[in-house]
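Student: Before anything else, here's the structure in question.
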């Protein structure tokens, strides 16, 4: 059964307060020793660099955030195998979904690396073509090799359409159910791309990734859109992007989406 796709408002129909509370709990469960080690390592790595950056860029938030992301990416590259682990986790999950007849597409930070410069990311974000009422199909597929980070995964899927899981290697995957006509289109337009040598996965298109990021409206999403536009600009299908943003502006009663895309697009016009 295909999801009910008529209501574009469901693209934001997520209890983010609940998800942020979960993120906070997971952070608090990090051991004191591990947290202290991470803090001291980052402080040693960044303190002098940030002081220089302050003097150069001051309150230019976007420039500073881009530079911090670049620095974090360089640090992350030293953490041997981190990206490889995430890609392996994605490939394995997509294989299981394919065997179960559930179409999927990579979205989120890992997908940014397919269309622009790779950036630091902690997890795999994937959207699957499954109705909320069919949640048990997903849970059966995940058992016993994945552990839910939510106390009640059934409730999480029914109310938010998203579940956070860890695979046996400890990699986190955020799995979102498709709720709208846009989700269905996104998954149908996904392309098979090589993310690391010999490892291929289904990734949402650059245009669909931009649309998701414009809708999300977080500072990091704005940077992600800018990076994709800068890298893919000449071949982006602006008509497709604007068509969906126009529909989302009406559905979400938000008149800022097209303006934000055009602002970023103009910044990187040839």
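The values are calculated or read from the model by the stated rules, or taken from the named source; none is laboratory data. In this text, all values refer to a predicted model and were calculated from it rather than measured experimentally. Every residue, glycine as well, gets a Cβ built from its backbone with ideal geometry; the counts of neighbours run over all protein chains shown.
Student: Could you list, in sequence order, all residues of the stretch 196-218 that are surrounded by fewer than 22 Cβ atoms within 10 Å (Cβ to Cβ) and more than 16 Å from residue 261 (Cβ to Cβ)?
Tutor: 196, 197, 198, 199, 200, 202 - these are the residues of the stretch 196-218 that are surrounded by fewer than 22 Cβ atoms within 10 Å (Cβ to Cβ) and more than 16 Å from residue 261 (Cβ to Cβ).
Student: While we're looking at this one, here's another question. Evaluate the following for residue 155: is it at pLDDT below 95, under 18 Å from the mean Cα position of the chain (by Cα), farther than 30 Å from residue 259 by Cβ and outside the structural domain of residue 263 (by TED's automatic domain parsing)?
Tutor: In short, no.
Student: Output the residues belonging to the stretch 184-198 that are modelled with pLDDT under 95, farther than 12 Å from residue 115 by Cβ and in contact with a helix residue (DSSP H, G or I) (Cβ under 6 Å, 6 or more places away or on another chain).
Tutor: 196
Student: Is it the case that some residue within the stretch 87-102 is farther than 25 Å from residue 231 by Cα, outside any helix (DSSP H, G or I) and at pLDDT below 95?
Tutor: Checked against the condition, which is being farther than 25 Å from residue 231 by Cα, outside any helix (DSSP H, G or I) and at pLDDT below 95, the stretch 87-102 yields no hits at all.
Student: Which residues, taken from the stretch 255-267, are surrounded by 15 or more Cβ atoms within 10 Å (Cβ to Cβ) and more than 17 Å from residue 182 (Cα to Cα)?
Tutor: Filtering the stretch 255-267 down to residues surrounded by 15 or more Cβ atoms within 10 Å (Cβ to Cβ) leaves 257-258, 260-261, 264-265.
260, 261, 264, 265, listed by residue number.
Student: Among the residues that make up the stretch 56-66, is at least one of them modelled with pLDDT of 65 or more, surrounded by 18 or more Cβ atoms within 10 Å (Cβ to Cβ) and closer than 29 Å to residue 189 by Cα?
Tutor: no
Student: In addition: Mind checking which residues of the stretch 122-148 are in a loop (DSSP other than H, G, I, E, B) and surrounded by 19 or more Cβ atoms within 10 Å (Cβ to Cβ)? It would help to see each step written out before you state the result.
Tutor: Keep residues of the stretch 122-148 that are in a loop (DSSP other than H, G, I, E, B), which gives 122, 129-131, 143-146.
Within the stretch 122-148, 129, 130, 146 meet the criteria.
Student: Test of understanding: among 47, 80, which residue is in a loop (DSSP other than H, G, I, E, B), at pLDDT below 70 and over 29 Å from residue 233 (Cα atoms)? Walk me through it before giving the result.
Tutor: Details: 47 fails: in a loop (DSSP other than H, G, I, E, B).
Residue meeting the stated conditions: 80.
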